[in-house]
Amino acid sequence: MRLWAESLPPWADVQAPSESARFLDLGSGEREAIQLALDSGADFVLMDESVGRRVARQAGVRVKGTLGVLEDAADRNLIELREAIERLRATNIFIAEELIDGAVRRHETRRRTDDGPATSPTKGRDAGPLR
């Protein structure tokens, strides 16, 4: 990640969030992500940490987690969800098995009921709980 950040692609737009004392009980990463989402009117914030997710929702910011991003990519036929989850398991990221099972079930249900890949990032679902 550090190497990527040192030579950002042209489309990357780095912005500092406004100063706010609203989220001082969070770590700087979560605090700044939530504030930046509020400042920019972002559709959602990408966050897996449970306290940060709760605080973001309380501030009116929609939240999507790693599994939600993987589900969206799988819905668009960009990745194979089960394979991506197996690769994720090989890292140091912890995601509870019940959340993984739920993501796989939701994806398989959408596959059975949809004619094709989702046409929007959340196609009928919000970015609510960690997915």
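The values are calculated or read from the model by the stated rules, or taken from the named source; none is laboratory data. Because the structure is a prediction, the values reported are computed rather than measured. In this analysis, Cβ positions are derived from the backbone assuming ideal geometry, glycine residues included, and neighbour counts consider all displayed protein chains.
Structure data summary
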read-out	value
Tally of residues being at pLDDT 80 or above, closer than 21 Å to residue 68 by Cβ and surrounded by fewer than 14 Cβ atoms within 10 Å (Cβ to Cβ) across segment 1-36	2
Single residue of segment 1-11 satisfying the filter (among the aliphatic types (A, V, I, L, M) and not in a loop (DSSP other than H, G, I, E, B)) that is nearest to residue 55 (Cα to Cα)	5
Residue in segment 41-70 that is modelled with the lowest pLDDT, counting only those that are of a type in the set (S, T, N, Q) and more than 8 Å from the chain's Cα centre (by Cα)	50
Leading residue by the ranking (nearest to residue 99 (Cα to Cα)) among those in segment 51-65 that are of a type in the set (Lys, Arg) and assigned to a helix (DSSP H, G or I)	53
Residue identified as in a loop (DSSP other than H, G, I, E, B), surrounded by 12 or more Cβ atoms within 10 Å (Cβ to Cβ) and among the charged types (D, E, K, R) among 72, 48, 39	48
Matching residues in segment 12-28 - criterion: being in a loop (DSSP other than H, G, I, E, B) and either among the acidic types (Asp, Glu) or free of Cβ contacts under 8 Å to residues at least 24 places away in the same chain (or both)	12, 13, 14, 16, 17, 18, 19, 20, 21, 24, 25
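To keep it simple, each residue is scored yes or no on (1) modelled with pLDDT under 95; (2) of a type in the set (Gly, Ala, Ser); (3) buried (at least 17 other Cβ atoms within 10 Å of the Cβ); (4) assigned to a helix (DSSP H, G or I).
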| residue | (1), (2), (3), (4) |
| --- | --- |
| 84 | no, yes, yes, yes |
| 88 | yes, no, no, yes |
| 92 | yes, no, no, no |
| 111 | yes, no, no, yes |
| 116 | yes, yes, no, no |
| 119 | yes, no, no, no |
| 123 | yes, no, no, no |
| 126 | yes, no, no, no |
| 130 | yes, no, yes, no |
